[in-house]
Amino acid sequence: MKDIRGVHFMSYAHFIANDEGKVDVSRMESQGGHYKGHFPMGLIGGFKPASSEFKYARFFKRDVETPNEVKVSVHEGHLSEEDLCPPDPAPHLAWVTHLRHYMAPGVKRIPVRYGKVRGTLFLPQGPGPFPGVVDMFGGTGGLLEYRSAQLASRGFASLALAFFGYDDLPKSLEEFNITYFEEAVEFLLKHEKILKPNVGTIGISKGGDLALSLATYIPEVKAAVWINGCNANVQSTLQLHHGKLPGLKYDISKLQVVDGVFDTCEALLNPEDYPETIIPIEKADANFLFLVGLVDRNWKSELYADLAIKRLQQAGRDNYEVHKYEGTGHLIECPYSPYAHTTYHSVTRAPVVFGGTMVPHLQAQLQIWNTLRKFLTRFIR
Ligand SMILES: CC(C)(COP(=O)(O)OP(=O)(O)OC[C@H]1O[C@@H](n2cnc3c(N)ncnc32)[C@H](O)[C@@H]1OP(=O)(O)O)[C@@H](O)C(=O)NCCC(=O)NCCSC(=O)CCC(=O)O
């Protein structure tokens with residue numbers, strides 16, 4: 001499969017064909033390659049960059065209106081990755097193209113410029129009204145649409161919201177104002193196809209703490225999904241109507257570099273030492289869903305979820321659910337999206353480790369997708 005830049009992603013597995021010469025990945029066990037054993041979606045979820053130049057590339061789906069084109073080929077013998085990689089893969093016995101769509105038929109993609117708000121609204125087919133979601137990613141910046149496209153394919157009106165590094169928004173994670181996010185919520189709630197009077201929000205990583213802030217400071221946000229985030233407001237000051245929430249900083253001296261790969265796990269300061277950065281979620285009239293990858297190497301997400309929950313419990317609140325996933329790293333994507341353990345980062349100009357092992361991480365992506373959709377359906381009314 002090629003990404004929009006032309007970087008090839010590939011995966012392979014070894015099977016023993018049956019007497020009719022057939023291989024059925026839904027039933028048969030892989031004997032080797034990118035995964036072993038029975039894992040029907042292993043070939044799709046196991047994609048890795050095929051070129052050594054882009055060894056640590058993360059797969060970003062940028063063009064959600066066109067499906068991924070996956071070329072599936074069968075080769076004689078149990079070949080190595082090198083034999084199978086472009087530009088000169090070994091000859092195949094048979095091949096077929098498999099299309100993987102991000103937008104169900106009838107889903108609408110609507111670029112949004114509303115006041116200061118920059119993003120893309122995805123609407124399901126039909127008159128609605130649909131539960132509205134503000135969907136945010138993290139330190140990657142720009143505008144990532146693929147989760148919202150898939151949420152709309154499952155009945156949500158989802159606003160993929162950019163907050164830096166896009167259009168006329170700030171270039172980097174410096175400072176935000178809650179009014180930006182209020183305007184995004186206002187946009188959703190003014191739309192005729194969106195269920196009123198409340199919305200939900202999803203955020204991963206830096207987007208996770210933003211999701212907590214939206215639920216705390218914007219009364220219409222009644223459901224917040226936090227994926228591998230922090231309980232404190234990370235890095236960028238958040239201006240509020242009365243006062244501000246300072247950003248929890250990184251201690252760069254605690255960055256570790258092993259074999260040229262950056263490990264940031266120890267670098268984010270401990271929120272307990274900087275209570276002024278902690279988001280007062282106990283004040284929120286909203287429900288929280290905490291989704292934690294237990295081998296997140298980017299952030300100590302389990303600690304941060306535990307601290308958030310402790311704060312809710314101390315205030316006598318039970319408005320939360322938490323799910324923790326073994327073998328799961330930081331970059332939790334939609335089901336069967338290729339997952340990346342380590343990815344190149346343009347800020348460090350080097351790869352950064354995010355953690356996770358392939359099979360449990362991919363299985364968690366599916367469970368998380370089902371859990372978060374159920375949660376949002378329950379609490380957005
Ligand atoms: C993916 C990239 C690299 C893409 O950058 P750009 O859009 O500027 O485009 P680009 O021109 O393709 O790449 C910029 C420069 O990086 C180089 N480059 C890109 N990918 C590379 C790779 N895999 N290996 C080596 N070099 C690479 C290009 O050659 C180019 O170099 P020249 O300039 O020399 O030509 C960037 O967006 C990035 O680093 N994003 C952060 C990725 C990430 O994983 N973040 C996770 C944060 S964790 C998180 O927040 C989770 C939630 C979330 O995802 O937000």
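Structure notes:
- Look at segment 1-28: where a residue is over 20 Å from Met41 (Cβ atoms) and a partner is of a type in the set (Gly, Ala, Ser) and in a loop (DSSP other than H, G, I, E, B), sitting 6+ places away or on another chain with Cβ atoms under 6 Å, you get Val7/Ala57.
- Answer residue from segment 138-156, given it is buried (at least 24 other Cβ atoms within 10 Å of the Cβ) and in contact with a helix residue (DSSP H, G or I) (Cβ under 7 Å, 6 or more places away or on another chain) and is nearest to Lys108 (Cα to Cα) among those: Phe156
- All conditions but one from (1) under 16 Å from Leu214 (Cβ atoms); (2) buried (at least 16 other Cβ atoms within 10 Å of the Cβ) apply to Asn177; the one that does not is (2).
- Per the conditions (1) more than 16 Å from the ligand (Cβ to nearest atom); (2) of a type in the set (S, T, N, Q); (3) under 18 Å from the mean Cα position of the chain (by Cα), the sole criterion not satisfied by Ser205 is (1).
- Test for Asp83: is it without any contact (Cβ under 8 Å) to a residue 60 or more places away in the chain, away from the ligand (no atom under 16 Å from the Cβ) and part of a loop (DSSP other than H, G, I, E, B): no
- Residue check for Ser148: over 21 Å from Asp285 (Cα atoms), within 15 Å of the ligand (Cβ to nearest atom) and not in a loop (DSSP other than H, G, I, E, B): yes
- Complete set of residues in segment 321-340 that are buried (at least 20 other Cβ atoms within 10 Å of the Cβ) and at pLDDT 95 or above: Tyr325, Thr328, Gly329, His330, Leu331, Ile332, Glu333
- Residue check, Val352 over 15 Å from the mean Cα position of the chain (by Cα) and closer than 17 Å to Gly45 by Cα: no
- Just one of the numbered conditions (1) within 16 Å of the ligand (Cβ to nearest atom); (2) in a helix (DSSP H, G or I) is not true of Tyr180: (1).
- Total residues in segment 237-290, condition β-branched (Val, Ile, Thr) and closer than 25 Å to Ile202 by Cα: 6
- So Asp285, is it surrounded by fewer than 18 Cβ atoms within 10 Å (Cβ to Cβ) and in contact with a Pro (Cβ under 8 Å, 6 or more places away or on another chain): yes
- Residues within segment 144-154 that are free of Cβ contacts under 8 Å to residues at least 60 places away in the same chain and more than 12 Å from the chain's Cα centre (by Cα), tallied: 2
- Counting only strands (runs of 3 or more DSSP E) that sit wholly inside segment 274-381, those with at least 2 residues that are away from the ligand (no atom under 12 Å from the Cβ) are 287-293, 320-325.
- Residues located in segment 209-262, provided they are among the acidic types (Asp, Glu) and either assigned to a strand (DSSP E or B) or within 30 Å of Arg378 (Cβ to Cβ) (or both): Asp209, Glu220
- Set side by side, the residues Gly165, Gly155, Gly126 differ, and just one is within 16 Å of the ligand (Cβ to nearest atom), modelled with pLDDT of 95 or more and on the phi > 0 side of the Ramachandran plot, which is Gly165.
- For segment 2-19, a residue qualifies if it is in a loop (DSSP other than H, G, I, E, B) and modelled with pLDDT of 95 or more, and the qualifying residues are Ser11, Tyr12, Phe15, Ile16, Ala17, Asn18, Asp19.
The values are calculated or read from the model by the stated rules, or taken from the named source; none is laboratory data. From a predicted model like this one, the values you see are computed outputs, not experimental measurements. Cβ: placed from backbone, ideal geometry, glycine included. Neighbour counts: every protein chain shown.
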